[in-house]
1. Starting from region 111-124, keep only residues that are in a helix (DSSP H, G or I), then list their pairs with residues that are among the basic types (K, R) whose Cβ atoms are within a distance under 6 Å, requiring at least 6 positions of separation or different chains.
2. From the set of residues in region 316-341 that are polar (S, T, N, Q), modelled with pLDDT under 95 and surrounded by 13 or more Cβ atoms within 10 Å (Cβ to Cβ), which is farthest from R146 (Cα to Cα)?
3. Looking at region 285-299, which of the residues that are in contact with a strand residue (DSSP E or B) (Cβ under 8 Å, 6 or more places away or on another chain) and outside any strand (DSSP E or B) is farthest from V352 (Cα to Cα)?
4. Do the conditions hold for S5, that is, is it modelled with pLDDT under 55 and exposed (fewer than 11 other Cβ atoms within 10 Å of the Cβ)?
5. Being surrounded by 18 or more Cβ atoms within 10 Å (Cβ to Cβ) and farther than 30 Å from P226 by Cα is the filter; apply it to region 127-172 and report the residue that is modelled with the lowest pLDDT.
6. Determine if region 91-99 includes at least one residue that is in a helix (DSSP H, G or I), modelled with pLDDT of 95 or more and touching a helix residue (DSSP H, G or I) at 6+ places or on another chain (Cβ under 6 Å).
7. Taking A185 and the conditions (1) modelled with pLDDT under 95; (2) in contact with a Cys (Cβ under 8 Å, 6 or more places away or on another chain), which numbered condition does it fall short on, given that it satisfies the others?
8. Let me spell it out: the conditions are (1) in contact (Cβ under 8 Å) with a residue 60 or more places away in the chain; (2) of a type in the set (K, R); (3) part of a loop (DSSP other than H, G, I, E, B), and R218 meets all of them except one. Which number is the exception?
Amino acid sequence: MGYQSFKRALKVDSDNFVSSSFKQQLSMDSDPPFRQTYKTLFEDTNTIENLVIAVEECELPLIDLNRLSHREPAEKRESCKAEIARASQEWGFFQVINHGISRDLLEKMRQEQVKVFKQPFHNKTKEDKFPAGSYRWGTPTATCLRQLSWSEAFHIPMTDILAGGSGSFNTTLSSTMEQFAATVAGLAQKLAEILAEKLGHKSTFFRENCLPSTCYLRMNRYPPCPIPVEVFGLMPHTDSDFLTILHQDQVGGLQLVKDGKWIAVKPNPEALIINVGDLFQAWSNDVYKSVQHRVMTNPSVERFSTAYFLCPSYDTVIHQNCTTKPSLYRKFSFIEFRQQVQEDVQKLGHKVGLPRFLLRSH
């Protein structure tokens, strides 16, 4: 289903929808069991609000990474790097083609991912079938429907993938994940180094601190949602890492904030999506932007995506590496940042993030 079909599917009288079908929807089974587990949220009609659906669909800046080849003239390579930096400043998001991951591998990754999520719920939660603690779904801390994410995911550390630790999955998935993860990890390192270079640093920071033991892959599934005007697939947030690399299918649903308004990202079957995380915004002293984004639900079609997160070790200290203006943030370790995020989510139901680490003068 394309974005226009998605918008038409959501053109409902939401007030009538809530009043006439809410009990019926609650009585239906689902996998994962959202309705049963979060029943009190659905019954609290005082907290039900319609979500604002983006009316504009945009294509992200598209960058051809072939221009980074050493066979290309120096001016072409520098032009490509400048585009990467500019998109990271102006959008916080961009997409890349000729990224080094074959279409066949991306499709195979998707097929194997679908097989995993098609397992019954009780199989997905079994520790003897999947790496312990890797399966997650919904939002355990949600206090209202707006905080509930209608999605499920497997979070898999890179060490489990690259060292064969994903052997509890079937062999085909294990080898496919290993090929995908190794390639995308190299791409993330390359892009991080380019962004550091455009700040004036020939930095080895990312290779020294963002190791397989700290980075991870996340396979996502967004099931069809019977109440798409009330529940997010993934609630608005920024990523708590340096860079995220996303491969998504063609269903659509990813949205981000640009110039103060939400826009929908048009899927591109040839491209991977890159976005800047909170740590890179702080490390760049706000030169690069970690932008709020979300995933909308779809009433009839499920959506799949796979994301790679470039993260440092917990004791890595984040300090600004752009000296063109005074530091905006105090120095902080990644573990401090994670603990503050978790504390805010527990207390407030949502992440606060970087504003917690601003220097008092700002």
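1. Taking only residues 6 or more apart or on different chains, the pairs are F117/R221; N123/K129.
2. N321
3. N298
4. Spelling it out, it is not the case that S5 is modelled with pLDDT under 55 and exposed (fewer than 11 other Cβ atoms within 10 Å of the Cβ).
5. S166
6. no
7. (1)
8. (3)
The values are calculated or read from the model by the stated rules, or taken from the named source; none is laboratory data. Just so it is clear, the model here is predicted, and its values are computed rather than measured. So basically every Cβ, Gly included, is an ideal-geometry build from the backbone, and we count neighbours across all protein chains shown.
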